[in-house]
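Down below is the structure, laid out as structure tokens.
The values are calculated or read from the model by the stated rules, or taken from the named source; none is laboratory data. As the structure is a computational prediction, the values presented were derived from the model and not from experiment. Cβ coordinates were reconstructed from backbone atoms using ideal geometry, including for glycine residues, and neighbour counts include every protein chain displayed.
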């Protein structure tokens, strides 16, 4: 039998564990021929692995099938199709050992034998692709970051697989973007490589997914490696979304700026006239490739200087050296006026000097948004009424026009005041306030100096002139008698008679002009000073006497306080042999008696305020206050029978009866008795009251007897005899009322011409209680008179002792 030429082997790919069919064409060469025998051989094996025998001439479908025993035989079956071309040898669950060259030999009854070869090759999946970036670093999940507008390079390498795989790049699993693969150029490497290169990365690559697929055979699914591409994007839009409204100076205003499209989040920068602003809040809200939103809120605090400034919101991505976007706007600022005051001629001086009678115009300059609605003017901090315009006209300047001037301007944002401009008005001399007319006392034939003081500007080179005015004529004072220095001038004057009343007029002149009204000094005969008024005795921590000064009589005066001791509270120091009459005459005589008792305390002060030293406790005192000048001394202001007690408790206002009942007598109304009781001392107080009642009754009887005795006396004693009787043993202490010659003259005058005017003298008594020492006093005020030669003659009043009661706690 002659074999036909060998038909080239057909390659059949099969996947492991899958079924495969090996084709074998059974079509006879001639229509009159048929298949007699079909044999299948594998590789170089000489024994058929499968046979189909139809030599008995029957149909192929009825032919006998035979297979070699073994695993393969159980999995192999030859299927005869209706069309002989479609006959197949089917192998179930192909294994690696099933691969090889299979030969199908077909024997015909009449035609030559034919052989068909099939190359059964098992396919293998390649290994998982590996992706590398341009720096050779393997990418596992995320590739990049890549920058928008720049290039992208990725390399996918696949090893293994049968047949050799095809490597491709796919985008989002649907779009093939690279299908060119080639064997690796590296020596010894059996890998297939596909290099992906994109020259310009578009924005739509943001967040895209790339796949590297390795496909060896369609019998097996491709092996895929998926990564995500990270792309940095430029911002595509920036806008200040807050409306462009009028801003208020000094008030913080939030302004919002939004930018879209940047990845990562855009960097937002605020600038005002090109200068960066800080302290802006930034929020990020990413929603998509074109919706990456970044917001920034700037709290802007502007001032008047920022009006018309350019506000910029700048959006940029730090990954790009360019591509920043700006949104700009001009801002308008509402601010209170900026105010300044100056002369109308724009003179910048802040100190202006003018003379009386001249004119000055001041102008208020204001810069404000919205415009100024009203103006105001101030002088020395006080609002000037009626001045509400931009210009202030000061006409016919006077000295009172001197001061600091400023203006104010108002709009809807508020009122602002300017700095001060000082206006100095120079004026001609005028009398110092309070010295326009003065009266001074003069002593006959005693030289005196009369002073005149003026105010003037400028104060340099002030010239003075004096005039002498009397009832007969007006004459100038010689310059030899005038002594001037600065703003003070003095003239020496000697009165020629006590009855002359003259007026000295002082005139001054400076560079501005002559004094319009002179300073007048009336020279009057000097008199003794007036008695101090409204004296009060106080006893807080220190006993004090405070008075108000009377008229000084035209001469400088000073004040004297004298205190004379009277008697002890219980007369403990008295001689038991002395009669009550002697005690009254010697111990209780008042100072107005012209007694010569030496004062226990004598104080001189320039003002009528005295602080007394500590006085003896329980003793009565008589205190006199009077004024003294070169002409003489005033009458006395007397505090009579001032008693100091140290055994009483502190003063308590709550137990002093302020509203005496109608049943009180007049003496009880003028006297307040201080009594404090406690449960421990009620018995002692009661005993003291009984004892006091007894003393009062006894005193009344004694006083009555004394009065009867004095009535029966044939002749009252002369004042001189009284003074001799009460005169102390010491003769070196001067009288506190008058000199010795005055006393003698008064005694002689009183003996020769009794003065009935003394009957008009008034006596004022008041009783007070003061804390610390329990001070009780009666205050008579006795007035004297003047004789024909204008010498003061005090009235002599002999005071009889009064009984007073002080209650002490044991």
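Yes or no: segment 328-344 includes at least one residue that is outside the structural domain of residue 276 (by TED's automatic domain parsing) and out of contact with any strand residue (DSSP E or B) (no Cβ under 9 Å at 6 or more places or on another chain).
no
Would you call residue 353 more than 36 Å from the chain's Cα centre (by Cα), surrounded by fewer than 15 Cβ atoms within 10 Å (Cβ to Cβ) and at pLDDT 90 or above?
For residue 353, the condition - more than 36 Å from the chain's Cα centre (by Cα), surrounded by fewer than 15 Cβ atoms within 10 Å (Cβ to Cβ) and at pLDDT 90 or above - is met.
Kindly indicate whether residue 445 is without any contact (Cβ under 8 Å) to a residue 24 or more places away in the chain, surrounded by fewer than 16 Cβ atoms within 10 Å (Cβ to Cβ) and either in the same structural domain as residue 510 (by TED's automatic domain parsing) or under 29 Å from residue 344 (Cβ atoms) (or both).
No, not satisfied.
Among the residues of segment 534-570, count how many are over 24 Å from residue 437 (Cβ atoms) and either in contact with a strand residue (DSSP E or B) (Cβ under 9 Å, 6 or more places away or on another chain) or assigned by TED's automatic domain parsing to the domain that holds residue 452 (or both).
Restricting attention to segment 534-570, the residues satisfying the condition of being over 24 Å from residue 437 (Cβ atoms) are 534-547, 558-570.
Now restrict to residues that are either in contact with a strand residue (DSSP E or B) (Cβ under 9 Å, 6 or more places away or on another chain) or assigned by TED's automatic domain parsing to the domain that holds residue 452 (or both): 534-538, 542-547, 558-569.
Summing the residues that are over 24 Å from residue 437 (Cβ atoms) and either in contact with a strand residue (DSSP E or B) (Cβ under 9 Å, 6 or more places away or on another chain) or assigned by TED's automatic domain parsing to the domain that holds residue 452 (or both) in segment 534-570 gives 23.
Checking residue 295 against (1) part of a loop (DSSP other than H, G, I, E, B); (2) without any contact (Cβ under 8 Å) to a residue 40 or more places away in the chain; (3) in contact with a strand residue (DSSP E or B) (Cβ under 9 Å, 6 or more places away or on another chain), which test does it fail?
Among (1) part of a loop (DSSP other than H, G, I, E, B); (2) without any contact (Cβ under 8 Å) to a residue 40 or more places away in the chain; (3) in contact with a strand residue (DSSP E or B) (Cβ under 9 Å, 6 or more places away or on another chain), residue 295 violates only (1).
Of the residues in segment 32-53, how many are under 24 Å from residue 110 (Cα atoms), in contact (Cβ under 8 Å) with a residue 60 or more places away in the chain and in a strand (DSSP E or B)?
Going through segment 32-53 one residue at a time, the tally reaches 7.
Looking at 341, 360, 425, can you tell me which residue is in contact with a helix residue (DSSP H, G or I) (Cβ under 7 Å, 6 or more places away or on another chain) and in contact (Cβ under 8 Å) with a residue 60 or more places away in the chain?
Testing whether each residue is in contact with a helix residue (DSSP H, G or I) (Cβ under 7 Å, 6 or more places away or on another chain) and in contact (Cβ under 8 Å) with a residue 60 or more places away in the chain leaves just 425.
How many of the residues making up segment 137-164 are part of a loop (DSSP other than H, G, I, E, B), more than 60 Å from the chain's Cα centre (by Cα) and modelled with pLDDT of 90 or more?
Qualifying residue count, segment 137-164: 2.
Somewhere in segment 545-566, is a residue surrounded by 15 or more Cβ atoms within 10 Å (Cβ to Cβ), touching a helix residue (DSSP H, G or I) at 6+ places or on another chain (Cβ under 6 Å) and either touching a residue at least 40 places away in the same chain (Cβ under 8 Å) or on the phi > 0 side of the Ramachandran plot (or both)?
Checked against the condition, which is being surrounded by 15 or more Cβ atoms within 10 Å (Cβ to Cβ), touching a helix residue (DSSP H, G or I) at 6+ places or on another chain (Cβ under 6 Å) and either touching a residue at least 40 places away in the same chain (Cβ under 8 Å) or on the phi > 0 side of the Ramachandran plot (or both), segment 545-566 yields at least one hit.
Scan segment 363-386 for residues that are under 22 Å from residue 457 (Cβ atoms) and either in contact with a helix residue (DSSP H, G or I) (Cβ under 8 Å, 6 or more places away or on another chain) or surrounded by 14 or more Cβ atoms within 10 Å (Cβ to Cβ) (or both) and jot them down.
The answer is 379, and nothing else.
Please verify whether segment 19-31 includes one or more residues that are surrounded by 14 or more Cβ atoms within 10 Å (Cβ to Cβ) and in a helix (DSSP H, G or I).
There is no residue in segment 19-31 that is surrounded by 14 or more Cβ atoms within 10 Å (Cβ to Cβ) and in a helix (DSSP H, G or I).
Only one of 372, 339 is in a loop (DSSP other than H, G, I, E, B) and either modelled with pLDDT of 95 or more or under 30 Å from the mean Cα position of the chain (by Cα) (or both). Can you tell me which?
Working: 339 fails: in a loop (DSSP other than H, G, I, E, B).
So the residue among 372, 339 that is in a loop (DSSP other than H, G, I, E, B) and either modelled with pLDDT of 95 or more or under 30 Å from the mean Cα position of the chain (by Cα) (or both) is 372.
Let's see how each residue does on (1) within 30 Å of residue 528 (Cβ to Cβ); (2) in contact with a strand residue (DSSP E or B) (Cβ under 6 Å, 6 or more places away or on another chain); (3) at pLDDT 95 or above; (4) in a strand (DSSP E or B):
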| position | (1), (2), (3), (4) |
| --- | --- |
| 358 | no, no, no, no |
| 367 | no, yes, no, yes |
| 378 | no, yes, yes, yes |
| 416 | no, yes, no, yes |
| 438 | yes, yes, no, yes |
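Determine whether segment 476-486 contains at least one residue that is in contact (Cβ under 8 Å) with a residue 24 or more places away in the chain and assigned to a strand (DSSP E or B).
Looking for residues that are in contact (Cβ under 8 Å) with a residue 24 or more places away in the chain and assigned to a strand (DSSP E or B), one finds none in segment 476-486, hence no.
Residue 491: in contact with a helix residue (DSSP H, G or I) (Cβ under 7 Å, 6 or more places away or on another chain) and buried (at least 17 other Cβ atoms within 10 Å of the Cβ), yes or no?
yes
Residue check: is residue 396 in contact (Cβ under 8 Å) with a residue 24 or more places away in the chain, in the same structural domain as residue 362 (by TED's automatic domain parsing) and out of contact with any strand residue (DSSP E or B) (no Cβ under 8 Å at 6 or more places or on another chain)?
yes
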